[in-house]
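Undergrad: To start, I am sharing the structure in question, which I have written as structure tokens.
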Ligand code: COA
């Protein structure tokens, strides 16, 4: 059996190009932390957390797991659903607020793990709005005929940068990832448009103070807990309720539609009360809102793709629905995007396809290992010399 998955020829090279979602997938870690579990480590309780946030539980990374683990798992599912080879991917964008390192980018590590040998890769840091920013960039790159196929991932291991002694933040966040495969098509539809906004004057309300060049890591920064998420919850709450509805209205207006034309809203899952406030301001029926915060908490840039995967599985999102995605987060950043969910449900992969795919990933690991070995041997043979 060949270990190379078939590379499907690039689909479109004509003038009219649209960026369609052709595959999607999500992954969350196995470990679940309930509100009762949290009440054993900080002064809180299930009743308060559910009433003030809507959260019942969140998934949390094990010691050996990290942002890349979840990104790769979600990406593999999305690629399988799209039934394409990683070799066909031209670009990988990982939206994240908890990257694996400052560099190399999380996206490069995902590229290596997938064996996506023809892809460019970069991280996009717009905190919880990252996924919408990334969809916008992917869609624009496709429409500009720079790429045909883009893997867009929102991935987080926020538990690694959460202060588990701070009840104001540790109750909120969860880990996981969601991924879309976007591809050029000549039929109208797919990601229609977005509006992206920011206000850096609000940066201090949601911040990881240390570890960058502004406050490099030191014994003092570690002792002072400066490598963890710090948040002014009330300020962020006020900001979020201010921008959610107006962002949706602006994006709809730009797309030439109205709020009434939207079938399903997929808001960033940060707090159920924030979602309820947007529902009221937009005057839409609550059934039109996807709400998954109770099971996952706030998974930052992963929250929208996770919510979409869940809503598809539950039948809340159907073919030809018009979706409004809306998010806000650190930066401060916010944005909204209109997405036509018009790709027919893909056929489930056959056993042979699944086996070939798994063999491909094993082969990608072996190839990566040999590339590392060659680098090691070259450094021994040639030393540091360049002449
Ligand atoms: N358990 C129990 N009590 C808590 C608590 C907890 N986990 N956290 C705060 N409290 C207490 C406070 O100490 C305060 O007590 P006091 O009245 O005696 O001073 C009271 O509850 C109310 O605190 P407040 O901060 O006003 O609560 P809130 O209703 O604003 O809820 C958040 C706090 C964090 C849930 C809410 O502000 C929020 O969701 N903000 C937005 C956060 C967000 O979306 N961040 C991510 C952006 S992407």
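The values are calculated or read from the model by the stated rules, or taken from the named source; none is laboratory data. Please read these numbers as outputs of a predicted model, since none were measured by experiment. Quick reminder, even Gly has a Cβ in these numbers, built from the backbone with ideal geometry, and neighbours come from all protein chains shown.
Undergrad: Just one of the numbered conditions (1) surrounded by fewer than 24 Cβ atoms within 10 Å (Cβ to Cβ); (2) closer than 27 Å to residue 246 by Cβ is not true of residue 353; which one?
TA: Every listed condition holds for residue 353 apart from (2).
Undergrad: Residues in segment 246-262 that are buried (at least 19 other Cβ atoms within 10 Å of the Cβ) and more than 16 Å from the ligand (Cβ to nearest atom): how many?
TA: Total meeting the criteria: 5.
Undergrad: So, one more: With the requirement that a residue be more than 9 Å from the ligand (Cβ to nearest atom), crowded, with 21+ Cβ neighbours inside 10 Å and in a helix (DSSP H, G or I), what does segment 36-68 give you?
TA: Within segment 36-68, 67, 68 qualify.
Undergrad: Let me ask something additional. Please list, ordered by first then second residue, the pairs with beta carbon atoms under 9 Å, 6 or more apart or interchain, first in segment 234-245 and farther than 13 Å from residue 202 by Cα and touching a residue at least 60 places away in the same chain (Cβ under 8 Å), second within 8 Å of the ligand (Cβ to nearest atom) and assigned to a helix (DSSP H, G or I).
TA: Sorted first by the residue in segment 234-245, then by its partner, the pairs are 244/274.
Undergrad: Please go through segment 249-274 and give me each residue that is assigned to a loop (DSSP other than H, G, I, E, B) and within 25 Å of residue 235 (Cα to Cα), ordered by number.
TA: Within segment 249-274, 268, 269, 270, 271 qualify.
Undergrad: Has segment 192-207 got at least one residue that is out of contact with any strand residue (DSSP E or B) (no Cβ under 6 Å at 6 or more places or on another chain), surrounded by 23 or more Cβ atoms within 10 Å (Cβ to Cβ) and in the same structural domain as residue 88 (by TED's automatic domain parsing)?
TA: no
Undergrad: For residue 262, are the conditions met, namely being in contact with a strand residue (DSSP E or B) (Cβ under 9 Å, 6 or more places away or on another chain), more than 15 Å from residue 337 (Cα to Cα) and in the same structural domain as residue 169 (by TED's automatic domain parsing)?
TA: For residue 262, the condition - in contact with a strand residue (DSSP E or B) (Cβ under 9 Å, 6 or more places away or on another chain), more than 15 Å from residue 337 (Cα to Cα) and in the same structural domain as residue 169 (by TED's automatic domain parsing) - is not met.
Undergrad: Can you find a residue in segment 275-282 that is within 17 Å of the chain's Cα centre (by Cα) and either surrounded by 24 or more Cβ atoms within 10 Å (Cβ to Cβ) or away from the ligand (no atom under 12 Å from the Cβ) (or both)?
TA: No - not one qualifying residue is present in segment 275-282.
Undergrad: On to the next question. Any chance segment 324-343 includes a residue that's more than 16 Å from the ligand (Cβ to nearest atom), modelled with pLDDT under 95 and assigned by TED's automatic domain parsing to the domain that holds residue 266?
TA: yes
Undergrad: Which members of segment 82-91 meet the condition of being buried (at least 24 other Cβ atoms within 10 Å of the Cβ) and touching a strand residue (DSSP E or B) at 6+ places or on another chain (Cβ under 7 Å)?
TA: Passing the criteria: 82, 89, 91.
Undergrad: Still on this structure, I have one more. Within segment 131-245, which strands (runs of 3 or more DSSP E) (wholly inside it) include 1 or more residues that are over 17 Å from the mean Cα position of the chain (by Cα) and within 16 Å of the ligand (Cβ to nearest atom)?
TA: 190-198
Undergrad: Follow-up question, since we're still on this one. Quickly run through segment 22-35 and pick out the residues that are farther than 30 Å from residue 186 by Cβ and away from the ligand (no atom under 13 Å from the Cβ).
TA: 27, 28, 29, 30, 31, 32, 33, 34
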